[in-house]
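The values are calculated or read from the model by the stated rules, or taken from the named source; none is laboratory data. All figures in this text were calculated on a predicted structure; none of them were measured in a lab. All Cβ positions, even for glycine, are placed from backbone atoms using ideal geometry, and neighbour counts span all protein chains on display. These accessible areas exclude ligands, DNA and RNA; they are computed on the full protein's heavy atoms, side chains included. Shrake-Rupley method; radii C 1.70, N 1.55, O 1.52, S 1.80 Å.
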Amino acid sequence: MISRRHILSATLDILSATLALGIGVFAAGAASAQTYPDKIIKMIVPAPAGGQTDVLARYLAQRLQDALGQNVIVENRAGAGGAIGARAAATSDPDGYTLFFGNTSTLAVIPAVSKNPGYDPNKNFAPVAAVSESYMILVVHPDFPAKTLQEFLSHAKANPGKLNFGNAGAGNVTHLTGEMLRAAGNVDFVNIPHKGGAETVTGLLGRQIDFVLESPVILLPLIREGRLRALAVTSATRKQEIPDIPTMREGGADFVATLLSGVVAPAGTSLNAVINESLKSDDMKATLAKFGSEAKITSPEEFTAFMAGETQKWSNVAKAAHVEIE
């Protein structure tokens with residue numbers, strides 16, 4: 001079974017690099033009004049307590065309290081893949097005291113695959129700043145007959161409908177990325193939804209499924225230990241942490257899929273998002289790169305444009321694959 005220590009250790013390293021960013025966001029906002037903050041700040045987290053996202057939020061909240069002299073609380077609003085938390089944030093007062101830690105799933109994928117997500121990220125949220133950008137890795141068990149993406153695609157074409165693809169849940173970003181692989185590689189396989197990334201990887205280690213697309217924070221330690229074999233990355237370019245692994249495009253599947261995280265607030269909130277200097281520190285770059293993420297330096301307008309493009313992209317993927325959830 002995949003060790004929680006792997007995930008937690010990688011997560012905590014990433015948290016330490018991300019803290020400076022969060023402090024910069026709030027400190028900059030404080031500069032625009034001398035009385036800010038004069039009451040509790042709430043950060044809505046669309047995930048249950050104890051998980052990776054929750055650990056990040058609580059660690060950040062404590063540092064913000066120390067820096068600002070004001071309580072910063074985490075409010076877990078899990079459920080519906082993150083939609084419940086997003087809805088709560090979207091309907092909060094735009095006064096600068098409610099923030100939402102969003103990602104590709106909550107800001108792009110859920111609106112793309114849901115009949116009625118209950119919020120529109122492009123209308124209900126004002127971007128504060130992008131935080132980081134990562135990617136996914138296509139991995140198989142070391143005993144799998146293919147050692148390259150080209151061999152994988154050839155094997156899949158020779159065995160249509162026989163390979164089992166493990167993903168983190170129906171409509172999840174890993175599910176839709178698999179659908180991009182299906183279309184770009186002209187292959188057919190069976191979707192096997194799981195309850196999360198860790199469970200999916202555990203299934204692959206136990207050879208209950210044939211391949212997985214997941215984030216590097218979970219997969220890199222297992223790849224380095226030789227317990228999983230990496231075939232391709234979904235980023236536009238090769239990554240320095242695994243430079244020998246080609247991109248999907250290099251291997252014959254013409255697509256790119258990235259994972260973005262960022263801070264947004266209810267539309268109408270006025271927050272200064274001048275945080276780029278904190279993202280340029282060598283310590284942050286080194287730590288994020290170690291686990292497959294990199295700082296995403298953008299203006300609020302660029303963040304908005306990027307997420308609008310992501311929403312359209314994932315919507316097209318969902319429609320082509322006939323993926324829709326209630």
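Worth pointing out:
- Annotation: of all residues in the range 296-326 being over 16 Å from R182 (Cα atoms) and not in a helix (DSSP H, G or I), the one that is modelled with the highest pLDDT is E324.
- Between H175, H155, the distinction of being more than 26 Å from G82 (Cβ to Cβ) and either of a type in the set (D, E) or assigned to a helix (DSSP H, G or I) (or both) belongs to H155 only.
- Taking every residue in the range 226-251 that is crowded, with 16+ Cβ neighbours inside 10 Å and pairing it with any residue that is polar (S, T, N, Q), at least 6 positions away or on another chain, the pairs with Cβ-Cβ distances below 6 Å are V233/T247; M248/T234; G251/Q150.
- Any hit, the range 128-149, residues being in a helix (DSSP H, G or I) and either open to solvent by 10 Å² or more (accessible area, probe 1.4 Å) or touching a residue at least 60 places away in the same chain (Cβ under 8 Å) (or both): yes
- A search for C-beta distances below 9 Å between a residue of the range 34-58 that is part of a strand (DSSP E or B) and of a type in the set (K, R) and any residue that is open to solvent by 30 Å² or more (accessible area, probe 1.4 Å) and modelled with pLDDT of 85 or more, counting only pairs 6+ apart in sequence or on different chains, returns K42/I73; K42/E75.
- Qualifying residue in the range 284-295 (condition: at pLDDT below 75, surrounded by 21 or more Cβ atoms within 10 Å (Cβ to Cβ), polar (S, T, N, Q) and within 20 Å of the chain's Cα centre (by Cα)): yes
- Within the range 190-225, considering residues that are buried (at least 20 other Cβ atoms within 10 Å of the Cβ) and without any contact (Cβ under 8 Å) to a residue 40 or more places away in the chain, the one farthest from N164 (Cα to Cα): G197
- Residue in the range 168-188 that is charged (D, E, K, R) and surrounded by 22 or more Cβ atoms within 10 Å (Cβ to Cβ) present: no
- G24 vs. criteria on the phi > 0 side of the Ramachandran plot and either modelled with pLDDT under 65 or outside any loop (DSSP other than H, G, I, E, B) (or both): no
- Unique residue being touching a Lys or Arg at 6+ places or on another chain (Cβ under 8 Å), modelled with pLDDT under 90 and of a type in the set (F, W, Y) when the list is Y36, Y135, Y119, Y97: Y97
- Taking the criterion of being out of contact with any strand residue (DSSP E or B) (no Cβ under 8 Å at 6 or more places or on another chain) and under 26 Å from D254 (Cα atoms), the only residue of the range 197-219 that qualifies is I218.
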